[in-house]
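Let me begin by presenting the structure, written as structure tokens, before commenting on it.
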Amino acid sequence: MNIDSIKNGIVIDHIEAGKGMEIYNLLRLDLLDCSVAIIKNATSSKMGRKDIIKIDAKIDIDMDILGYVAPTATVDIIVDGSLCEKKKMSLPEKLTNVIFCKNPRCITTTEQELPNIFNLTNREKREYRCAYCETRASEQ
Amino acid sequence: MRSVIDIKDLSTKELEEIIAVAEDIIENPDKYAHKCDGKKLATLFFEPSTRTRLSFEAAMYELGGHVLSMSDAGSSSAAKGESVADTAKTVSCYADIIAMRHPKEGAPLVAAMNASVPVINAGDGGHNHPTQTLADLLTIHREKGRFDNLTVGLCGDLKFGRTVHSLINALTRYTNIKFVLISPEELKVPSYVKNEIKECGHSYVQTKDLSEFMPELDILYMTRVQRERFFNEEDYLRLKDSYILTPEKLATAKSDLSIMHPLPRVNEISVAVDDDPRACYFKQVLNGKYMRMSLILKLLEVL
């Protein structure tokens, strides 16, 4: 399958297979005017299968969302047809409005204009806790 | 400008400074009687609490300051739908420091993020209650003279009991603490608190039997099973009478055991225990006032 290479834009590579659409939605790529290609289940020597997203424009990507949802991903910045910069993801220290607190006792459940902030509390365990009530994200 | 929302907001050195000032207040109350002249404390209590609010208010009066009090959320602007953030910004215009209790976890943090004066968390649901922990620490300091080499029994609701979690966090900063965690199966300490104990190099045992480790204890910290922490009345009724401390149960305890309780109690400590010289829970109330005085002084930077 051939997808034209891009001249100036971004390639999000090494996405865990099956997560491409989720990232497309979370990064709100549906709002872009430029060409966006999602390649699903591409062959990868490292990962077996992977998803790739190609965006034919230089846009600001929310690295926090990407780092949280797709920590294996890499972001390639393409300028004039060649690789200008390659960024590896890492888990962000803080997530704002990416995940939401479901603890019914948390202040965010009654004051909905508050940003939902989660802090990384254990990098090895990928553990995030709500900044307000400290409930663990995976407990919800 | 600093706020105290969680006991973790205070370093071990700061805790010791606050204790030292509280001890000095006890020895020399006159020295502190005008430290807060002209300053105002706003007590914003969105949840019923008599003792904590009165303790904060007494603390401020004894420092020579004044108190603005909001104790009935039903009559406040919160009932009209005002956000915690707006309340904090507004009250900052009137007061020099705020003490806030709120039923929602994290509300005092929201207040601190928006206020232009220091905010003290006076209890946010089942989450944090740092000034209770300050009261507990001064009590241990005065009764035991140390924070190291202690066997500390914690009994009752160890799952929702915020005072228990904060006290464990404060004590794990010291050395050689053995925690005896006494609770029914449904109210056991959450795993993250147990991990904290282990990671700091301390040990713990879990038991359902209040008497099993009684002879080993230096401190016995009793807690109430709180109705307001349960969504289900049936579970509350089943668990509320799990542990009741009586003079008979204390027969095997050390002669210098310190019996503590954050109060109010319902029936988990028999009234007959009150006359036992090992009962410290009313001293703990008084210690709470001194520690709140000391904390107010620290946050207002008037020392």
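Inspection of the stretch A:91-99 identifies no residue that is modelled with pLDDT of 90 or more, basic (Lys, Arg) and surrounded by 15 or more Cβ atoms within 10 Å (Cβ to Cβ). Residue count for the stretch B:230-246 under the criterion of being among the aliphatic types (A, V, I, L, M) and buried (at least 17 other Cβ atoms within 10 Å of the Cβ): the result is 2. Going through (1) surrounded by fewer than 18 Cβ atoms within 10 Å (Cβ to Cβ); (2) within 14 Å of chain B (Cβ to nearest Cβ) one by one, A:Thr72 falls short only on (2). The conditions of being buried (at least 19 other Cβ atoms within 10 Å of the Cβ) and either more than 14 Å from chain A (Cβ to nearest Cβ) or touching a residue at least 12 places away in the same chain (Cβ under 8 Å) (or both) are not met by B:Asp148. Anything in the stretch A:106-139 that is under 13 Å from B:Glu105 (Cβ atoms) and of a type in the set (A, V, I, L, M)? List them, or say none. Result: A:Ile107, A:Leu114, A:Ala131. Quick check: is even one residue across the stretch A:94-101 over 22 Å from the mean Cα position of the chain (by Cα), among the aromatic types (Phe, Trp, Tyr) and within 14 Å of another protein chain (Cβ to nearest Cβ)? Checking the stretch A:94-101: not a single residue is over 22 Å from the mean Cα position of the chain (by Cα), among the aromatic types (Phe, Trp, Tyr) and within 14 Å of another protein chain (Cβ to nearest Cβ).
Check the stretch B:118-131 and report whether any residue there is over 30 Å from A:Leu114 (Cβ atoms) and within 14 Å of another protein chain (Cβ to nearest Cβ). No, there is no match, as no residue in the stretch B:118-131 is over 30 Å from A:Leu114 (Cβ atoms) and within 14 Å of another protein chain (Cβ to nearest Cβ). For B:Phe179, indicate whether it is aromatic (Phe, Trp, Tyr) and within 19 Å of B:Leu245 (Cα to Cα). So B:Phe179 fits the description; yes.
Results for (1) buried (at least 20 other Cβ atoms within 10 Å of the Cβ); (2) in a loop (DSSP other than H, G, I, E, B); (3) more than 10 Å from chain B (Cβ to nearest Cβ); (4) among the hydrophobic types (A, V, I, L, M, F, W, C), shown as yes or no for each residue.
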residue	(1), (2), (3), (4)
A:Ala57	no, yes, yes, yes
A:Ile61	no, yes, yes, yes
A:Leu66	yes, no, yes, yes
A:Leu83	no, no, yes, yes
A:Thr108	yes, no, no, no
A:Thr121	no, no, no, no
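The conditions of being of a type outside the set (Asp, Glu), over 17 Å from B:Thr223 (Cβ atoms) and buried (at least 17 other Cβ atoms within 10 Å of the Cβ) are met by B:Ile177. Screening B:His127 with (1) in contact with a Cys (Cβ under 7 Å, 6 or more places away or on another chain); (2) in a helix (DSSP H, G or I) gives one miss only, at (2).
Taking (1) under 20 Å from the mean Cα position of the chain (by Cα); (2) in a loop (DSSP other than H, G, I, E, B); (3) within 14 Å of another protein chain (Cβ to nearest Cβ) in turn, A:Glu134 satisfies each apart from (1). Restricting attention to the stretch B:127-159, report how many residues are under 30 Å from B:Met70 (Cβ atoms), modelled with pLDDT under 95 and touching an Asp or Glu at 6+ places or on another chain (Cβ under 7 Å). Here the count works out to 2. Determine if the stretch B:178-196 includes at least one residue that is hydroxyl-bearing (Ser, Thr, Tyr) and either under 18 Å from the mean Cα position of the chain (by Cα) or at pLDDT 95 or above (or both). Looking for residues that are hydroxyl-bearing (Ser, Thr, Tyr) and either under 18 Å from the mean Cα position of the chain (by Cα) or at pLDDT 95 or above (or both), one finds none in the stretch B:178-196, hence no.
Check whether at least one residue in the stretch B:282-291 is surrounded by fewer than 19 Cβ atoms within 10 Å (Cβ to Cβ), aromatic (Phe, Trp, Tyr) and modelled with pLDDT of 95 or more, and report yes or no. Within the stretch B:282-291, one or more residues are surrounded by fewer than 19 Cβ atoms within 10 Å (Cβ to Cβ), aromatic (Phe, Trp, Tyr) and modelled with pLDDT of 95 or more.
Pairs linking a residue in the stretch A:95-116 that is on the phi > 0 side of the Ramachandran plot to a residue that is surrounded by fewer than 14 Cβ atoms within 10 Å (Cβ to Cβ), with Cβ atoms under 7 Å and 6 or more positions apart or on different chains, are A:Asn97/A:Pro115.
The values are calculated or read from the model by the stated rules, or taken from the named source; none is laboratory data. Predicted model only: the values in this text are computed from it and were never measured. Note: ideal-geometry Cβ built from the backbone for every residue, glycine included; neighbour counts use all protein chains shown.
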